[in-house]
Amino acid sequence: MPSLSVDRDVFLRRMKRLYTAWQNAPEDDALHKVDAIVTVVGTDEDVVYAKSISLQTWLLGYELTDTVMVLTEGGIYFLASKKKIEFLKQIENGKENAENVPPVHLLTREKGDKDKANFVKLISAIKESKKGKHVGEFSKDKFPGEFSESWRAVLGKESFEKVDLSASLAYVMAPKEENEMKVIQKAAQVTMDVYNKYLKEQLMEIIDADKRVKHAKLADGVEEALQNKKYITGVDAAQLDMCYPAIIQSGGNYNLKFSVVSDKNNIHFGAITIALGVRYKSYCSNIVRTIMVDPTEEMQENYNFLLKVEEAIIDKLRDGVKLSDVFQTAVDLVKKEKPDLLEKMTKSVGFGMGIEFREGSMLIGPKTTVKAKKGMVFNVNVGFAGLTNKGAKDDQGKTYALFVGDTVHVAEGQGAAVITNLKKRVKHCAIFLKDENDEEEEEEEEEEVKPDMLGRGRRTAVIESRLRTDQTAEEKRVSHQKELAEKINREAKERLKGLKRGDTEVKAKKSNVSYKNVSQMPREPELKELKIFVDRKYETIILPVFGVSTPFHISMIKNISQSVEGDYTYLRVNFFHPGASLGRNEGPAFPQPDATFLKEITYRSSNAKEPGEISAPSTNLNTAFRLIKEVQKKFRTREAEEREREGIVKQDTLVINPNRGNPRLKDLYIRPNIVSKRISGTLEAHTNGFRFTSVRGDKVDILYNNIKHAFFQPCDGEMITMLHFNLKHAIMFGKKKHNDVQFFTEVGEITTDLGKHQHMHDRDDLHAEQAEREMRQKLKAAFKAFCEKVENMTKGEVEFDVPFRELGFFGVPYRSTVLLQPTSGCLVNLTEWPPFVITLDEVELVHFERVQFHLKNFDMVFVFKDYHKKIAMVNSVPMNQLDHVKDWLNSCDIHYTEGIQSLNWTKIMKTITDDSEGFFDNGGWVFLEPESDEEDEEEEEEDDDEFQPSDSEEVEESSESEYSEESNWSDEEEDESDEEEMGSSEESGKDWDELEEEARQADREYEQEEEGRGSRKSHSSRHSSHKSSSRKSSGKSPHKSSSSSHHHKSGSSSKGKGGSSSKSSPSKGTPSKKRRHDSGSPRGKDSKKKRLK
């Protein structure tokens, strides 16, 4: 047996469990009485289930025939043949005593004296154990054979009192370990596959074709299907076996036990009971189902009640509950609701299962007082026999039975988990035979049924009522925003009171050392020859410097270059050193920046090969260049991975739910990709998180407690339908950390072949569109069902938000224009990657930039309550969406402000974080607010009275760009439009030539008065900062900022002379009408550009 191996850890762990149970056994337990335990396994092919075989399999993983095992207080003894002893030597060596397990003693059989000497040793060991009087054994195990009978004869001659340990050791072995559960789950999966893929399909075909097939023949086919790869996948078929021959019963002859065999009567199309059990690696699983053909209402009602009874049994079967109490639960339910069925119910409703199919000492019956333990596996099966079908069409159908059963796993604090989670509702187990007309009517009715809209009604109602722009008046919105402005300043002050600014710890980078001592230096011949040597193990390059081999760690090398000039090869090495310009995350830290550093070094070597040399001297430089590049690449890759891992919060371990009915979605893609090429996989919900398993075996776990937001975006108006998870802490996969993970599937063709000839009435295209519509409905229903199951399973811990597409608006959060959609608590775009997710609860305020109504777009800036967090910006939002966005923010109680220019938010946020208290003492966010109400009203009145744009102005404004510089120039034009109205109305009808002449004259006047310009700078600056009301009275040239005051010039002329940023440009102080029209001429445009410079 050299090819077989035994898991020594499993043997010691389970033997320890057995000895612990033996030592701690209560007085009423048979284990408490015995002084030694003896088992013997003989040779009998007819014996399938025996406690001796089960104990061997449980401890060793194999059945060893003709082997005696004796467990005593001081040792574990095995008597077997030479080959088996060789196999058992794997568990002999080692410190068993450290595991509270006695040492193992192996005895080899001696055929010469027929093992008399070995029997004497075993008997002696039994007598020395404890009192040496009581021997525990399995009384039902009586194996034939010379060896077994000889041992029983020797044991019988002694005056030992024998105690049956079948029930006690069965209870010790009943709780299953994790690896045992995996085997049972595979056995259960095979059982379900054989039932679904073979047995059920065969029955459907028999019923549909009205064939006459015997029960026994169909049952025989099940055993053949067990070896057919068509039905069996993912397991070793050589280790599969039937627990018992499949039992198929119908036609009034029913016996709801697992000891019966299928008879040779033909299958009757009424109630067909099926019992099917499969063993895999000696562990059993079992299911029981009833197929009903054209059942009456009474049959369906009784079947539904039977399922209710089974569910009650499974729910009651918990850790610490007596099995008799579980049975009583079923009895009480039947008594209460259908007392007439109590006599027809099975006498027990299940049994313990594992290596043995049916554990008699663990029946779920009225007399079993043992308690269920966590980890135990039971087969719950309950049925009603001898029922009468009054609507039967023949004598065989008058009597029927209903029988259901499943393999379950006892859990802690909750009902047992079903392992064989096959569908068993009436709609899955009933076959209704109808004519074609009925089928056609049914199909028409199904087509009329429309699926429910996605999303939760509660949230939809709230959001829609809050986001409708036509329901909120401007006055209410403004007053609400004033309240919010005061509120955010007040809350921010209170929030910052508890925060203390401290010095941020700067994590020092670990300095890389090549060799800790001289002994680690390599002893290569290249070093003696003063050649360059690359030590890959220590990531070091050893360079000859002044005749000394000097090591430099690869992290110190900035770059290397190689060149060939004439007969020589040059290798130049540049090093990192203090004062050198470093990129982000580039180069090492310098613990001693005042030390002497090497900046660069160049080596030259000849390309000419001298006589007798194997290679040219330059070969060393070529090799060093290549190796340095390789080591450098490897080092930088590792460094990048370490940087990615920084800040990763360790997640809890995913608890796998063995239940096969877990919510699951197949054929999904993951974003971001695990590898460069996208691969599909399956997303499954478990006890405390999701697991995505790709087709090639990659696993990505997302725990429920790490999900910040979960989104479900249906495929309405999109080419993909998806689930998106925004995480609290980043997770690592694909060698990178990610805060957003998305699972999606494509609904239709992302791209369209424009070269294909298409016609609106093409039958193929119509068919394809219809198929795509159906696919969309199916996917929507599947994703919706998944979300609902997860929400129910997690009891609200995970809730999926659905974006409201009709409330969305376009913007550019990154590089491309996308549709931003609000949800109940976020603003998101999930279709384009990277995703954009803003949590509204984290937003302090929103500021609108470049809000000028002659521009087509404006920008949104999201400022977060955590001022250290970088602001989020959405560019190029259409101007016609401004009121819609304001109403939405107002309804979400988010304060917003607006301005006409872009701000430097990096400096603003740094100012706030440096002195938060001072910022709020000076008014806080008031600096973003518009000016006082009175001034606003005055300006509005002036705008209403004075601003009358001409056609040329409209053309000019529509051509304005959205860039900030041109945007600022357009602001100046607005101010100048005020000037126009202040000027004389006589100039309104002048043509372009007159305006050009006046502009030239203004330039000449500017040149003449340039000398007196300095004395009038400050006076002009004061006028430039006045409001429009003061501009109207003074007639001076309006400017936006005092920063341009050195361009201005004051005077008493009626034309209001002024300065310019360039001598060649028209004066800004010319009468407003002239200047306004001049801005539309080529000359005026030149002056614009120069002024902007």
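Looking across the stretch 596-622 at every residue that is touching a residue at least 24 places away in the same chain (Cβ under 8 Å) and assigned to a helix (DSSP H, G or I), the one that is least open to solvent (accessible area, probe 1.4 Å) is identified as 621. Pairs are defined by a Cβ separation below 7 Å, a sequence spacing of at least 6 or placement on different chains, a first member in the stretch 484-507 that is surrounded by 10 or more Cβ atoms within 10 Å (Cβ to Cβ), and a second member that is modelled with pLDDT under 75; no pair meets this definition. Could you tell me whether the stretch 163-181 includes any residue that is of a type in the set (Lys, Arg), in a helix (DSSP H, G or I), under 45 Å from the mean Cα position of the chain (by Cα) and more than 28 Å from residue 396 (Cα to Cα)? No, there is no match, as no residue in the stretch 163-181 is of a type in the set (Lys, Arg), in a helix (DSSP H, G or I), under 45 Å from the mean Cα position of the chain (by Cα) and more than 28 Å from residue 396 (Cα to Cα). The number of residues in the stretch 732-753 being of a type in the set (Gly, Ala, Ser) and at pLDDT 85 or above comes to 0.
Applying the set (1) closer than 30 Å to residue 61 by Cα; (2) touching a Pro at 6+ places or on another chain (Cβ under 9 Å) to residue 347 leaves exactly one unmet item: (1).
Checking each residue in the stretch 260-312 for being of a type in the set (Gly, Ala, Ser) and either closer than 28 Å to residue 395 by Cβ or touching a Lys or Arg at 6+ places or on another chain (Cβ under 6 Å) (or both) picks out 262, 270, 271, 275.
All of 365, 383, 375, 391 fail the test of being out of contact with any helix residue (DSSP H, G or I) (no Cβ under 6 Å at 6 or more places or on another chain) and within 30 Å of residue 139 (Cα to Cα), apart from 375.
Report whether or not residue 192 is open to solvent by 60 Å² or more (accessible area, probe 1.4 Å), in contact (Cβ under 8 Å) with a residue 40 or more places away in the chain, hydrophobic (A, V, I, L, M, F, W, C) and not assigned by the TED database to the domain that holds residue 47. Here the answer is no, as residue 192 does not meet what is asked.
In the stretch 299-314 there is no residue that is open to solvent by 10 Å² or more (accessible area, probe 1.4 Å) and part of a loop (DSSP other than H, G, I, E, B).
Scanning the stretch 535-581 for residues being open to solvent by 70 Å² or more (accessible area, probe 1.4 Å), of a type in the set (D, E, K, R) and either out of contact with any helix residue (DSSP H, G or I) (no Cβ under 8 Å at 6 or more places or on another chain) or in the same structural domain as residue 628 (by the TED database) (or both) gives a total of 4. For residue 356, the conditions (1) under 21 Å from residue 300 (Cβ atoms); (2) charged (D, E, K, R); (3) not in a helix (DSSP H, G or I) are fulfilled apart from (1). Using the structure shown, decide if residue 866 is within 19 Å of residue 825 (Cα to Cα) and open to solvent by 10 Å² or more (accessible area, probe 1.4 Å). Yes.
The set of residues in the stretch 889-920 that are assigned to a helix (DSSP H, G or I) and open to solvent by 60 Å² or more (accessible area, probe 1.4 Å) comprises 906, 907, 910, 911, 914, 917. Applying the criterion of being closer than 23 Å to residue 707 by Cα and among the hydrophobic types (A, V, I, L, M, F, W, C) to the residues of the stretch 801-835, the residue that is most open to solvent (accessible area, probe 1.4 Å) is 833.
Based on this model, can you work out whether residue 354 counts as farther than 29 Å from residue 253 by Cβ and buried (at least 23 other Cβ atoms within 10 Å of the Cβ)?
Judged against the criteria, residue 354 is a match.
Within the stretch 329-344, the residues that satisfy the criterion of being among the aliphatic types (A, V, I, L, M) and either in contact (Cβ under 8 Å) with a residue 40 or more places away in the chain or touching a Pro at 6+ places or on another chain (Cβ under 7 Å) (or both) are 330, 341. Per the conditions (1) open to solvent by 60 Å² or more (accessible area, probe 1.4 Å); (2) out of contact with any helix residue (DSSP H, G or I) (no Cβ under 7 Å at 6 or more places or on another chain); (3) closer than 27 Å to residue 825 by Cα, the sole criterion not satisfied by residue 633 is (3). Of the numbered conditions (1) in contact with a helix residue (DSSP H, G or I) (Cβ under 8 Å, 6 or more places away or on another chain); (2) assigned to a loop (DSSP other than H, G, I, E, B); (3) open to solvent by 20 Å² or more (accessible area, probe 1.4 Å), residue 295 fails exactly one; give the number of that condition. Evaluating residue 295 over (1) in contact with a helix residue (DSSP H, G or I) (Cβ under 8 Å, 6 or more places away or on another chain); (2) assigned to a loop (DSSP other than H, G, I, E, B); (3) open to solvent by 20 Å² or more (accessible area, probe 1.4 Å) leaves (3) as the failure. Take the conditions among the basic types (Lys, Arg), in the same structural domain as residue 821 (by the TED database), open to solvent by 30 Å² or more (accessible area, probe 1.4 Å) and in contact with a helix residue (DSSP H, G or I) (Cβ under 8 Å, 6 or more places away or on another chain) and apply them to residue 886. Does it pass? For residue 886, the condition - among the basic types (Lys, Arg), in the same structural domain as residue 821 (by the TED database), open to solvent by 30 Å² or more (accessible area, probe 1.4 Å) and in contact with a helix residue (DSSP H, G or I) (Cβ under 8 Å, 6 or more places away or on another chain) - is not met. Taking first residues from the stretch 82-107 that are more than 20 Å from residue 19 (Cα to Cα) and among the acidic types (Asp, Glu) and partners that are modelled with pLDDT under 75 and not in a helix (DSSP H, G or I), the Cβ contacts under 8 Å between residues at least 6 apart in sequence or on separate chains come to 86/1; 86/2. Scanning the stretch 197-218 for residues that are among the aromatic types (Phe, Trp, Tyr) and open to solvent by 90 Å² or more (accessible area, probe 1.4 Å) gives no hits.
Per the listing 810, 853, 862, the residue uniquely closer than 27 Å to residue 913 by Cα and either part of a strand (DSSP E or B) or touching a residue at least 24 places away in the same chain (Cβ under 8 Å) (or both) is 862.
Only one of the listed residues (531, 510) is at pLDDT below 80 and either closer than 19 Å to residue 625 by Cα or open to solvent by 100 Å² or more (accessible area, probe 1.4 Å) (or both). That residue is 510. The single condition among (1) in contact (Cβ under 8 Å) with a residue 24 or more places away in the chain; (2) surrounded by fewer than 20 Cβ atoms within 10 Å (Cβ to Cβ) that residue 238 does not satisfy is (1). In the stretch 242-269, the residues that are closer than 23 Å to residue 283 by Cβ form Cβ pairs under 8 Å with partners that are at pLDDT below 90 and assigned to a loop (DSSP other than H, G, I, E, B), at six or more places apart or across chains, as follows: 242/226.
The values are calculated or read from the model by the stated rules, or taken from the named source; none is laboratory data. Since we're looking at a predicted model, the values are computed, not measured. With ideal geometry, Cβ positions are generated from the backbone for all residues, glycine too; neighbour counts draw on all protein chains shown. Quick note on the areas: whole protein, heavy atoms, side chains included, nothing else; ligands and nucleic acids left out. Shrake-Rupley method; radii C 1.70, N 1.55, O 1.52, S 1.80 Å.
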